[in-house]
Amino acid sequence: MINYIIKRIGVAIPTLLILIAVTFYLMHAAPGGPFTSERPLPPQVLANIEAKYGLDQPIWRQMINYLWGILTEFDFGPSYKYHDRTVNEIISHGFPITLKYGFWSFIVAIGVGIPLGAIAAIRKNTWIDYLAVGVSIGAQVLPNFVMAPLLIIVFTLWLDWLPGGGWNGGEWQYLVMPVIALSTSYMASIARITRSSMLEVLNTNYIRTAKSKGLPTKVIFFRHVLKPSLLPVISYLGPAFVGLITGSVLIDIYFSTGGMGYFFVNAAFNRDYSVMMGITIVVGALTILFSLIADLLYAWIDPKIRY
Amino acid sequence: MNYLPKSLATGFLLAIFASSSVMAAATHPVTGETLADDQTFTYSLLDEFTSVDPQIVEDVSGSDIVRDLFEGLMNQDADGNLVPGVATGYTTNDAKDVYTFTLRDNAMWSDGNPVTAHDFVYAWRRLADPATASPYSWFAEIMALENVGAVMSGEASPETLGVTALDNHTLEVRLSSSLPYFAAMTTHSSTFPTPEWRVRTFGNDWTKPGNIVSNGAYVLTEHIPNERSVRERNSMYWNDDATIIEKVVALVINDENVDFTRYLANELDKGTVPSGQFIRLKQDYPDEATSFPRLCNYYMTFNLSDSGPEAFKDVRVRQALAYALDRSVITEKILQAGQINAFTFTPGATAGFEVPPVAFGQMSQSEREAKAKELLADAGYGPGNPLSFEYIYNTSEGHKKIAIAAQQMWKEVLGAEVTLANQEWKTFLKTRGSQDFELARGAWCGDYNEASTFLDLMTTPSGYNDGKFSNAEVDSLMLEARTMDDASANYTRVEEILANEMPTIPVYHYAGVFMLKTNVKGWPYNNVEQNWYSRNLYKVAK
């Protein structure tokens, strides 16, 4: 197991380096730069500014300087667009916000999705099953850019229960709508995966054996059905978790949460190279980390898998 | 034992004091209207502002905040007229290339330091200094400050810039060329003073709440990026007694429909009108939905450089395309928010600019279309040899609708084959700036309220003349206009030349739209630049 982890980390470092190099190259290949504007700066002035930020150097040197700054001082550089902020500040502000609503969305998605799928599977072909399947399909096809404005109309304008947006340090009132909007489609996927894999497990011979030897339904369900049914769910949860906590630009746009997703997309439009790089590295590292954790969980649940 | 009665007495006195001060603030000192108890003004921004550093800020929403936090030499009143700010007045020489501003002696920074001429000298040098890397340094260039080019390029030190503090309250500005409207430029946020001692202490962090010191009617007390910023009344401001709004909250709301919903839910005093909905909202909320002309134009520019298509070198082709465009369809059917059909480059709302009766603006649309067909046929295009070209615009639903409408009009009237292409903003700027296009979308918002801010774009040396139009008469008229007290005759002549030469197709002049609650008073509806100051607003009791 330890060897496996070490091996995976050994692969992770070059993966991250390739990601950085490719992103760095693609970013600079896009036309225009951070200082391209409708009112173009005189060439000499532009040259001065680019020199100040080291953008006049060859790309490979810029990349090495950038990486050196991260490795030696954990400095992701200044933002070219927001002069009073560094990339470290932008990430340390935006990431906890994204993490918080992402984490709660994850909990809600699992907390609702797995029971919903399980009930549907156990009560197969009853009205409960049809309702659960109906709800999950509805939630799946309702995209969050439709859901978010609807939630605001209902809960803010009509009912006056919740603030229409903002974050306010992450108070629960500000968290409810982002979490609902973000979690529904994940919840729906989890419910459907749980239902189909549980149906498969329920039809296996060892469950039939358990039933025939007279084990109580509860014991059969929790001891023999649940764990194997969750295997496909776990493999879905790894990437889903990374997706949830690395930012949703739509949630940030509709609910003014100030999370990382909007900064990321905006950085690409603004050619804010350092912000784009910084967030790419964070997201890349998290993706690698959580796919490793998902693999380890998989081994823990499935005795057939050993590393 | 003594403590309780004493504290009660103090509480009682405080209560009397508080209630009397509320009563004193309860009516407007000039109009006598009853004021609301809560004088918090909340409005929305569609995007996070770039900075509140006067020399760095580059967007309109940031400039609105900077105008509250800092005060420049001159201000604008509700009609856009020039009124004293930190300066009580100015004098200028006959050549209009030396301006001397007299500063008031009671202007203070929020930390109690006096505002002096040195603060302006520092700020203006900082704007031009390449070390600041200001995206707005070009403003120092159009201010024509003496030696600005050499300073900006790093060839001369910022100390050589044509601005000097003769004493603490006298600022002398020397220009490299005559500028009759120079004083109006000092209402622009990039010319506002900056507290050198804070910049030196905190570097780029000086604009953060807690670090920032400002000389305007408000101070920044809270800023959460992409969420909200709060500015509160500055008790050190020289005219603080006249301020009524206590607190201004700016919320960042990226989606205009959500913005409007939150406005309806009374979370905002001022909100956005979702695009294309102005007509409906004006009916439902006649006192809240507002449209006003803006100093911005929307045009299409022909590439007249060597890399441009041969067809556009023929003035008849350019005219035919301009004539065939039915502007009313665009303004009345697509945009629907009070935009104005444009036949000139300069918007009619610009101060001192009379829209000249250019010939094609006087015709009816059917006359224009008949003329367009004739012109194109004369130029040798027709069914056997259709005109074909590509029109590029930056990616946006609004631009796309206009492009499709134009494509259709040119097809129907002229039989032209037009392909449309959209590009992401920075890619688009690069393409247009390197003359790698045939016909491209363009738009320009005035930097100051004077026609030259638009017409200078049509001169040969202009860095923003992406179509590379060049006309010796336009160049000399615009050069001459710089030194004239009243240059309107020159501007009229330039517009006539543009209508004949048609280097660009004027499409429409912008209108701004917003929703404003009826209890908010003092909004400067007649200020075409929409330079608003929170200190002039107030909320009346409902």
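The values are calculated or read from the model by the stated rules, or taken from the named source; none is laboratory data. These numbers were taken from a predicted model, which means no experiment stands behind them. Reconstructed Cβ throughout: ideal geometry from the backbone, glycine too, with neighbour counts over all protein chains shown. Areas reflect the complete protein model, heavy atoms only, side chains present, ligands, DNA and RNA absent. Shrake-Rupley method; radii C 1.70, N 1.55, O 1.52, S 1.80 Å.
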Q) Which of the aspartates and glutamates could be linked to residue B:521 by a straight reach, that is with a Cα gap under 16 Å, when you skip same-chain ones fewer than 8 residues away? A) B:33, B:37, B:38, B:77, B:79, B:246, B:269, B:287, B:288
(Q) Taking the 0 to 90 degree range and rounding to the nearest ten, how far is the long axis of helix B:488-501 tilted relative to the main principal axis of chain B, both from C-alpha atoms? (A) 40 degrees
Q: For the stretch B:124-262, take the alpha-carbon Rg, divide it by the Kirkwood Rh, and send me Rg/Rh.
A: 1.03
Q. Where the Cα atoms of the stretch A:1-103 are projected onto their three principal axes, how long is each span, largest first, in whole Å?
A. 60, 34, 25
Q) How high is the relative contact order of the stretch A:93-258, in percent, with contacts defined as C-alpha pairs under 8 Å that are six or more residues apart? A) 40 percent
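If the chain between residue A:30 and residue A:64 were fully stretched, how many nm would it gain, using 0.36 nm times the residue separation less the Cα-Cα distance?
Numbers: separation 34, 0.36 × 34 = 12.24 nm, distance 1.98 nm.
Length gained, residue A:30 through residue A:64: 10.3 nm.
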Q: Report the full-extension gain for the segment residue B:46 to residue B:118: residue separation times 0.36 nm, less the Cα-Cα distance, to one decimal in nm.
A: 22.4 nm
Q. Going 7 Å from the Cα of residue B:479 toward and past its Cβ, which residues in the stretch B:145-179 have a backbone nitrogen under 17 Å from where you end up?
A. B:176-179
Q | Fraction in percent of alpha-carbon pairs per bin - 5 Å, the stretch A:93-258 | A | 1, 9, 16, 18, 16, 13, 10, 8, 5, 3, 2, 0
Q.
Given R₀ = 51 Å, what would the calculated FRET efficiency be for residue B:77 paired with residue B:377, taking r from the Cβ atoms and rounding to 0.05?
A. 0.45
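Mind checking the full-extension length gain between residue B:500 and residue B:486? Use 0.36 nm per residue of separation minus the Cα-Cα distance, one decimal, nm. Walk me through the numbers on the way to the answer.
Details: separation 14, 0.36 × 14 = 5.04 nm, distance 2.38 nm.
That works out to 2.7 nm of additional length.
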Q: With a 1.4 Å probe and every protein chain left in place, work out the accessible area per residue of the stretch A:93-258 in Å², rounded to a whole number.
A: 47 Å²
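In chain A, which helices (entire DSSP H runs) extend 20 Å or more along their own long axis, judged by Cα positions, while averaging at least -1.0 on the Kyte-Doolittle scale? Please list the in-between numbers first.
Working: long enough: A:2-29 (40 Å, 1.57); A:59-73 (21 Å, 0.25); A:87-122 (50 Å, 1.33); A:127-141 (21 Å, 1.21); A:172-202 (41 Å, 0.84); A:231-245 (22 Å, 1.82); A:273-301 (42 Å, 1.91).
Correct list, ordered by number: A:2-29, A:59-73, A:87-122, A:127-141, A:172-202, A:231-245, A:273-301.
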Q. If one puts a single equal scatterer on every Cα of the stretch B:272-409 and applies the Debye formula without solvent, what log₁₀ I(q)/I(0) results at q = 0.15, 0.17 Å⁻¹?
A. -0.90, -1.11
Q) Distance in nm between label sites at residue A:52 and residue B:359, each 7 Å beyond Cα in the beta-carbon direction? A) 5.0 nm
Q: Please report how far the C-alpha centroid of the stretch B:143-164 lies from that of the stretch A:98-147, rounded to the nearest whole angstrom.
A: 65 Å
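Per Stokes-Einstein, at 37 °C and 0.692 mPa s, what whole-number D in µm² s⁻¹ belongs to chain A, with the Kirkwood radius over Cα pairs as the hydrodynamic radius? Display every interim value, and only then the final one.
On the way: Rh = 22.4 Å.
For the chosen part, D equals 147 µm²/s.
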Q: Pull up the cross-link candidates among the aspartates and glutamates for residue A:211, meaning alpha carbon to alpha carbon under 18 Å and not fewer than 8 places away within one chain.
A: A:200
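Just list whichever of B:373/B:468; A:81/B:401; B:313/B:430 have alpha carbons separated by over 28 Å in the model shown.
Details: B:373/B:468 26 Å; A:81/B:401 30 Å; B:313/B:430 23 Å.
In this structure, A:81/B:401 exceed 28 Å between Cα atoms.
So how much accessible surface do A and B hide from each other in total, probe 1.4 Å, in square angstrom to the nearest 100? The partial results should precede the final answer.
Details: alone 17170 and 23730 Å², together 36820 Å².
Summing both sides, the interface buries roughly 4100 Å².
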(Q) With angles folded into 0 to 90 degrees, how steeply does helix B:315-324 sit against the dominant principal axis of chain B? Use alpha carbons for both and round to 10. (A) 60 degrees
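List, in the order given, every pair from B:270/B:426; A:52/B:426; B:270/B:542 whose Cα-Cα distance in the structure shown is over 27 Å.
Values: B:270/B:426 30 Å; A:52/B:426 21 Å; B:270/B:542 16 Å.
Beyond 27 Å: B:270/B:426.
In the neighborhood of residue B:488, defined by Cβ-to-Cβ distances under 12 Å, what is the net charge if each Lys or Arg adds +1 and each Asp or Glu adds -1? Spell out each step's value before the answer.
On the way: positive: B:493; negative: B:354, B:450, B:485, B:486, B:495.
Here the count lands on -4.
Taking the Cβ of residue B:533 as the center, what net charge do the other residues with Cβ under 10 Å away carry, scoring Lys and Arg +1 and Asp and Glu -1?
Computed value for this residue: -2.
Calculate the dipole size of the protein assembly as shown relative to its Cα centre from +1 charges on Lys and Arg beta carbons and -1 charges on Asp and Glu beta carbons; express the result in debye to the nearest 20. Don't jump to the answer; show the numbers that get you there.
Working: 63 positive and 86 negative charges, 1036 e Å.
The dipole magnitude comes to about 4980 debye.
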Q. Modelled label-to-label distance, residue A:293 and residue A:205, 7 Å Cα→beta-carbon offset: nm?
A. 3.8 nm
**Q.** Computed helical MRE - 222 nm, the protein assembly as shown, DSSP H runs ≥ 4 contributing -39500 (n - 2.57), nearest 500
**A.** -14000 deg cm²/dmol
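Could you tell me what percent of the accessible area of chain A is made up of carbon and sulfur, with a 1.4 Å probe and every protein chain present?
Using a 1.4 Å probe with all protein chains present, chain A comes out at 69 percent carbon and sulfur.
Rounded to the nearest 20 Debye, what is the dipole magnitude of the stretch A:93-258 about its Cα centre when Lys and Arg each give +1 and Asp and Glu each give -1 at the C-beta?
Here the size comes out at about 1040 debye.
Starting from the Kirkwood radius over alpha-carbon pairs of chain B, derive D by Stokes-Einstein at 10 °C in a medium of 1.306 mPa s and give it in µm² s⁻¹. Show your work: numbers first, answer last.
On the way: Rh = 25.6 Å.
My calculation gives 62 µm²/s for D.
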Q: Can you send over the carbon and sulfur percentage of the accessible area for chain B, probe radius 1.4 Å, protein chains only?
A: 51 percent
Q) In degrees between 0 and 90, to the nearest 10, how far off the longest principal axis of chain B does helix B:472-481 point, with axes built from Cα atoms? A) 20 degrees
Q: Kindly state, as a whole number, the per residue volume in cubic angstrom of the convex hull around the alpha carbon atoms of the protein assembly as shown.
A: 246 Å³
Q) Using a 1.4 Å probe on protein heavy atoms, which residues of the stretch B:247-270 have at least 20 Å² less accessible area in the complex than alone? A) B:254, B:255, B:258, B:261, B:262, B:264, B:265, B:267
